[in-house]
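The structure under discussion appears below in the form of structure tokens.
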Amino acid sequence: MRAVPILMYHSVRDDPPPDTAALSVRPGVFADQMALLRERGFTPVRLSDPAADVPRPICITFDDGYADFHSEALPVLASFGYPATVFVTTGWLDDAGPDAAGRPLDTMLRWGHVRELAAEGVEIGAHSHSHPQLDQLRDGPLHDELTRSRLLLEDRLQTPVTTMAYPYGYSSARVRRAVARAGYTTAYVVANDVAADRSGYAIPRLTVQRSTTPAAFGRIAEGSHRFHREKILTKGYAVVRRSRYLYRQAMPRD
Ligand SMILES: [Zn+2]
């Protein structure tokens with residue numbers, strides 16, 4: 001597989017709730033971004049597509065499974081004929097019922113939507129069951145998060161689900177081993193780098209958010225955007241999280 005930039009979106013809507021505001025892209029801006037890809041000669045391809053012979057391949061992914069993927073993003077993608085991937089947090093789905101888990105940040109997709117997306121050719125990946133920081137979980141709950149989301153998706157969609165994205169982009173060597181053991185063949189992080197190939201358990205993606213200007217979006221797609229500040233923030237937060245994890249490990253129970 002060749003090096004391909006992989007865009008990471010979350011929600012696409014005009015009036016997001018505070019929790020998703022920073023990562024939610026306006027529908028009009030999203031449409032402009034898709035048009036820019038066409039103007040610059042990009043060819044959106046599926047994550048699983050080797051894209052050996054297409055000009056300027058690029059992948060478009062969405063995390064969490066917000067209802068606005070169906071109402072806002074999908075019509076735009078369809079109008080351009082672009083494929084996309086949605087990483088679904090199964091316990092957050094609007095009609096998860098007895099499987100409901102975690103705290104959804106906004107109105108989420110329903111199972112009927114997810115089935116419809118899959119039927120229309122949208123790739124469906126897992127994004128854990130309740131959206132925890134996976135590296136903070138002990139082995140048992142970690143395995144449950146990974147297998148429950150995959151098995152629920154496979155049961156409802158009647159198709160194999162072999163890829164996933166880490167909630168918050170967080171993983172560790174232990175988490176990546178657990179992901180492999182849970183039956184996934186690939187997994188996606190944030191990292192803000194262009195993926196050299198789409199194999200393994202730490203495939204990088206590029207963040208698109210509400211503050212992304214048209215010029216920055218162009219650079220992100222071209223693989224030349226420098227994500228300085230975001231990287232520093234991620235590193236600082238990782239230190240805070242690591243010390244909290246060590247503290248919890250030292251406690252007899254938590
Ligand atoms: Zn997420």
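Within segment 172-203, the set of residues being touching a residue at least 60 places away in the same chain (Cβ under 8 Å), of a type outside the set (D, E, K, R), within 20 Å of Val86 (Cβ to Cβ) and not in a strand (DSSP E or B) is empty.
Looking only at segment 149-168, which residues are within 13 Å of the ligand (Cβ to nearest atom) and buried (at least 19 other Cβ atoms within 10 Å of the Cβ)? Quick ask: steps written out before the conclusion?
Our first condition is that a residue be within 13 Å of the ligand (Cβ to nearest atom); within segment 149-168, this holds for 149, 164-168.
Once the filter is applied, which keeps residues that are within 13 Å of the ligand (Cβ to nearest atom) and buried (at least 19 other Cβ atoms within 10 Å of the Cβ), segment 149-168 yields Ser149, Met164, Ala165, Tyr166, Pro167.
Regarding segment 111-120, can at least one residue be identified that is of a type outside the set (D, E, K, R), more than 19 Å from Ser48 (Cα to Cα) and either without any contact (Cβ under 8 Å) to a residue 40 or more places away in the chain or within 12 Å of the ligand (Cβ to nearest atom) (or both)? Within segment 111-120, one or more residues are of a type outside the set (D, E, K, R), more than 19 Å from Ser48 (Cα to Cα) and either without any contact (Cβ under 8 Å) to a residue 40 or more places away in the chain or within 12 Å of the ligand (Cβ to nearest atom) (or both).
Taken together, the residues in segment 2-22 that are buried (at least 20 other Cβ atoms within 10 Å of the Cβ) and not in a loop (DSSP other than H, G, I, E, B) amount to 7.
Suppose the filter is open to solvent by 50 Å² or more (accessible area, probe 1.4 Å), under 24 Å from Leu152 (Cβ atoms), more than 16 Å from the ligand (Cβ to nearest atom) and not in a loop (DSSP other than H, G, I, E, B); does Pro98 pass it?
On the way: open to solvent by 50 Å² or more (accessible area, probe 1.4 Å): yes; under 24 Å from Leu152 (Cβ atoms): yes; more than 16 Å from the ligand (Cβ to nearest atom): yes; not in a loop (DSSP other than H, G, I, E, B): yes.
Yes, satisfied.
The C-beta contact set for segment 34-63 (first residue of a type in the set (Gly, Ala, Ser), second residue more than 16 Å from the ligand (Cβ to nearest atom) and open to solvent by 30 Å² or more (accessible area, probe 1.4 Å), distance under 6 angstrom, 6+ apart or interchain) comprises Gly41/Pro55; Gly41/Arg56. Within the bounds of segment 123-140, is there any residue that is open to solvent by 10 Å² or more (accessible area, probe 1.4 Å), away from the ligand (no atom under 16 Å from the Cβ) and among the aliphatic types (A, V, I, L, M)? Within segment 123-140 (the criterion being open to solvent by 10 Å² or more (accessible area, probe 1.4 Å), away from the ligand (no atom under 16 Å from the Cβ) and among the aliphatic types (A, V, I, L, M)), the answer is no, since none of the residues qualifies.
A quick yes/no check of all residues on (1) part of a helix (DSSP H, G or I); (2) more than 28 Å from Leu151 (Cβ to Cβ); (3) open to solvent by 30 Å² or more (accessible area, probe 1.4 Å); (4) not acidic (Asp, Glu):
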{"site": "Gln33", "(1), (2), (3), (4)": "yes, yes, no, yes"}
{"site": "Gly41", "(1), (2), (3), (4)": "no, yes, yes, yes"}
{"site": "Arg46", "(1), (2), (3), (4)": "no, no, yes, yes"}
{"site": "Val54", "(1), (2), (3), (4)": "no, yes, yes, yes"}
{"site": "Asp63", "(1), (2), (3), (4)": "no, no, no, no"}
{"site": "Pro75", "(1), (2), (3), (4)": "yes, yes, yes, yes"}
{"site": "Phe87", "(1), (2), (3), (4)": "no, no, no, yes"}
{"site": "Gly102", "(1), (2), (3), (4)": "no, no, yes, yes"}
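Return yes or no: is Phe69 more than 16 Å from the ligand (Cβ to nearest atom) and either under 18 Å from the mean Cα position of the chain (by Cα) or assigned to a loop (DSSP other than H, G, I, E, B) (or both)?
In short, no.
The values are calculated or read from the model by the stated rules, or taken from the named source; none is laboratory data. Because the structure is predicted, anything quoted here is derived from the model rather than measured. No Cβ is skipped: glycine too gets one built from the backbone with ideal geometry, and neighbour counts run over all protein chains shown. The area values use the complete protein model at the heavy-atom level, side chains included, leaving out ligands, DNA and RNA. Shrake-Rupley method; radii C 1.70, N 1.55, O 1.52, S 1.80 Å.
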